[in-house]
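The values are calculated or read from the model by the stated rules, or taken from the named source; none is laboratory data. Worth saying up front: this structure is predicted, and the values here are computed from it rather than measured. Every residue, glycine as well, gets a Cβ built from its backbone with ideal geometry; the counts of neighbours run over all protein chains shown.
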Amino acid sequence: MAKQLFGTDGIRGIPGEYPLDDATLERVGFALGEYLLAQGPKKGLLPRVLIGRDTRESGPHVAEQIESGLSAAGAEAVSAGVLTTPGVAWLVSREGFSAGVVISASHNPYHDNGVKLISASGMKFPDAVEAKIEDAILAAKGAAKFDRAKGRKGKINHDGDEKLHEDYLAGLREAVFPGSKLAGMKIVLDCANGAASKLAPQLFRSLGASVTAINSEPDGRNINTGCGSLHPEGMQKRVVEAGAALGVAFDGDADRAIFATASGKRVDGDGVLLAAGRYLKSTGKLKGGAIVGTTMANLGLERALEKSGLKLTRTDVGDRYVLEEMQRSGANLGGEQSGHILFLDDATTGDGMLTAVKMASLVSIAGPLEKLVADLKIFPQKIVNVKVRAKPPLESLPEVARALKEAEGALGKSGRVVLRYSGTEPLARVMIEAEREEDVERWTETLALALRSAIGA
């Protein structure tokens, strides 16, 4: 049965409304605590759960409800205060926590929020475990059990935020490429008024860089607003104005990063995979025989990697699928065009600040970022969403199958077609990539028309 609460990135919604109403949030904490207790105590200790949040005004209240549920279950909640999603994952895996909770809606506007659960490994819980926790949250007897346990008072630890933050930053400082020197490097950091607002400037200044921080004054409502990885234009402009060597734009929870060269040119996750992949190969540190990307990775990346003797393995869209393929194949570099990059030798999840450290240290060793991605030709790409009334197998629709075969035949090796359903909305997505803009326009419209005719809403 499909999960009702947990999507691909935790539970999302509007605070105060189901499933982020107080009662449900408390039961989330309680169900997580009960699950951890059922796994058996660790060295005779009760489960310790690390809770971090981004800068949304609703964050403290959401965290309080989760803490209340954990306390009622008999678990210890430890506050990390404002901390990035990958920061929570890093600390959970390295400092002996039983689990982690992140209160964030990533790159969404401030009025949204979410709850992500992280296992002791620093990764998301497997689907089967999430389903088990969800069943406990939704079960009527689970709610009654929580109500009976409400009076139980556990320890909610709000001390030690700064030490936890410094432990995480110390780990990031150790992740620089050997031989790099960031002292004096001018860097512009767009912190999206989010979880990296304090930590990212602190990190790079501690490495000796000259930092210009923008969008680093969160007020609870300005997270991701016209800034950060979804809106890097201001960062790109500031890089040129400041004469900086590099610019970085994070999203609200800093699990992704978009870059700018010294001339202000935008470099996304595809550029990062190319530059980092080549460097790791040159130092004998690239593992698994391939770099892992998704179906959305630009064809230009695949071509540039081929010229360097590197292979791109594609997965479905989503960091979960990238990680699964990396673990299966033994790869240590993978990620998404959005800037969500996994350096698996250093961390268990995509980390924008880690990626920024890697790229800054790479620039200090190998030269300007613009040079490192100069041969990355971005093929024109277009995505069209078609609202559908049903989601039958696409190959079962003769008109769609015929149009798809015609498009693939016409484009050959000079283009790419991705046709898939959205996992969360009643949409079919058409993506066409080709050397010529006119081919992109022609075939997206042809396939979209076939979909509308067959199953359009």
Identify the single condition in (1) of a type in the set (Val, Ile, Thr); (2) in contact with a Ser or Thr (Cβ under 8 Å, 6 or more places away or on another chain); (3) farther than 24 Å from ARG205 by Cα that ILE341 does not satisfy, given that it satisfies every other one. (3)
Name the residue that is surrounded by the fewest Cβ atoms within 10 Å (Cβ to Cβ), counting only residues in the stretch 326-357 that are in contact with a Phe, Trp or Tyr (Cβ under 8 Å, 6 or more places away or on another chain) and within 22 Å of LYS307 (Cβ to Cβ). ASN332
Tally time: how many residues in the stretch 170-185 are outside any loop (DSSP other than H, G, I, E, B) and not basic (Lys, Arg)? 3
Of all residues in the stretch 300-344, which are over 17 Å from LYS358 (Cβ atoms) and of a type in the set (Phe, Trp, Tyr)? TYR321
If we scan the stretch 102-109, do we find a residue that is surrounded by fewer than 23 Cβ atoms within 10 Å (Cβ to Cβ), touching a residue at least 24 places away in the same chain (Cβ under 8 Å) and among the polar types (S, T, N, Q)? yes
The lone exception for ASP22 - which of (1) touching a helix residue (DSSP H, G or I) at 6+ places or on another chain (Cβ under 8 Å); (2) within 23 Å of GLU95 (Cβ to Cβ); (3) surrounded by fewer than 24 Cβ atoms within 10 Å (Cβ to Cβ) it fails: (2)
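Residues that are at pLDDT 95 or above and under 14 Å from the mean Cα position of the chain (by Cα): list the strands (runs of 3 or more DSSP E) wholly contained in the stretch 302-374 that include at least 3 such residues.
Details: elements: 312-315, 333-335, 341-343.
By residue number, 341-343.
Say we look at the stretch 422-452 and pick out the residues that are charged (D, E, K, R) and in a helix (DSSP H, G or I); which of these is surrounded by the most Cβ atoms within 10 Å (Cβ to Cβ)? Spell out how you get there, then give the answer.
Step one: of the stretch 422-452, the residues charged (D, E, K, R) are 425, 429, 433, 435-439, 441-442, 445, 452.
Within this subset, residues satisfying the condition of being in a helix (DSSP H, G or I) are 437-439, 441-442, 445, 452.
Working: GLU437: 12, GLU438: 9, ASP439: 18, GLU441: 14, ARG442: 15, GLU445: 14, ARG452: 14.
Here the residue is ASP439.
Considering the stretch 66-92 alone, what residues qualify as being assigned to a helix (DSSP H, G or I) and either under 30 Å from PHE343 (Cβ atoms) or out of contact with any Lys or Arg (no Cβ under 9 Å at 6 or more places or on another chain) (or both)? Don't jump to the end; show me each part of the working.
Filtering the stretch 66-92 down to residues assigned to a helix (DSSP H, G or I) leaves 66-73, 85-92.
Selection gives ILE66, GLU67, LEU70, THR85, PRO86, GLY87, VAL88, ALA89, TRP90, LEU91, VAL92.
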Across (1) surrounded by fewer than 21 Cβ atoms within 10 Å (Cβ to Cβ); (2) assigned to a helix (DSSP H, G or I); (3) not hydrophobic (A, V, I, L, M, F, W, C), GLY264 clears everything bar (2)
If GLU395 satisfies all but one of (1) modelled with pLDDT of 95 or more; (2) more than 28 Å from ARG303 (Cα to Cα); (3) assigned to a helix (DSSP H, G or I), what's the number of the condition it fails? (1)
Looking only at residues in the stretch 178-217 that are at positive phi and surrounded by 21 or more Cβ atoms within 10 Å (Cβ to Cβ), which one is nearest to the chain's Cα centre (by Cα)? ALA192
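In the stretch 213-261, how many residues are in a loop (DSSP other than H, G, I, E, B) and in contact with a Phe, Trp or Tyr (Cβ under 6 Å, 6 or more places away or on another chain)? Spell out the reasoning first.
Of the residues in the stretch 213-261, the ones in a loop (DSSP other than H, G, I, E, B) are 215-227, 231-232, 243-245, 251-256, 261.
The next check asks that each one be in contact with a Phe, Trp or Tyr (Cβ under 6 Å, 6 or more places away or on another chain); those that pass are 221, 223.
So the count comes out to 2.
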Could you list all residues from the stretch 42-65 that are of a type in the set (Gly, Ala, Ser) and in a strand (DSSP E or B)? GLY52
